[in-house]
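Sending over a structure as structure tokens; questions will come in a sec.
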Amino acid sequence: MGKEQRQLALERFEHRSELPLLILALAMIPLLVVPLFVELPSVVEQVFVALDVLIWCAFTFEFAVRLTLTTTGRWKFVRHAWPDLLIIAIPFLRPLRIARSARALRLLRLGRVLAFLAAWSTFTS
């Protein structure tokens, strides 16, 4: 695929994924905030975790597609989008105890959601 075709495909992908990712980012907020303030029953907590993983997978897929289609060079893209990559990678680091608590991880992921919302609002302005 040529550079122009990849750029066109990237623009189409970003256009088509913008609204679904916005909806997922908004859905992520209660999934991250509610467990910080409310003790949830085990079943509800499992549902929250499953939805969290599903949304995380969607953001990971979005990052991978953007990385694949970028025309600026993959390393340049990664250097520019390092906060996105860091937030995507943090769940893999949990077994290494780098994230000291689940609450800290949730706050970091909430930061990713808020950053996405801020970027989206400047994009649409």
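Need one number: nm distance between label points at ALA81 and PHE61, each 7 Å from Cα along Cα→Cβ, rounded to one decimal.
1.5 nm
In whole Hz, with x marking every Gly and Pro, tabulate ³J(HN,Hα) for region 21-38 from phi via Karplus 6.51 cos²θ - 1.76 cosθ + 1.60, θ = phi - 60°.
With the stated coefficients, region 21-38 comes to 5, 4, 4, 5, 5, 5, 5, 5, 4, x, 5, 8, 8, 4, x, 6, 10, 10 Hz.
Let me ask you something else. Carbon and sulfur together cover what percent of the accessible area of region 1-92 at a 1.4 Å probe radius?
Reported share for carbon and sulfur atoms: 70 percent.
Let me ask you something else. Please list, by residue number, every one of the GluC sites (Glu not before Pro) in region 1-39 that is coil in DSSP and has at most 11 other beta-carbon atoms within 10 Å.
Those satisfying the criteria are GLU39.
Pop a pseudo-label 7 angstrom from the Cα along the beta-carbon direction at both ALA115 and LEU51 and give the gap in nm to one decimal.
If labels sit at ALA115 and LEU51, their model points lie 2.4 nm apart.
Return the FRET efficiency for the residue pair VAL38, LYS3: r is the Cβ-Cβ distance, R0 is 41 Å, and the value is rounded to the nearest 0.05.
Result of the calculation: an efficiency of 0.25.
The values are calculated or read from the model by the stated rules, or taken from the named source; none is laboratory data. What you see is a predicted model; the values in this text were computed from it and never measured. All Cβ positions, even for glycine, are placed from backbone atoms using ideal geometry, and neighbour counts span all protein chains on display. With ligands, DNA and RNA removed, areas are computed over all heavy atoms of the protein, side chains included. Shrake-Rupley method; radii C 1.70, N 1.55, O 1.52, S 1.80 Å.
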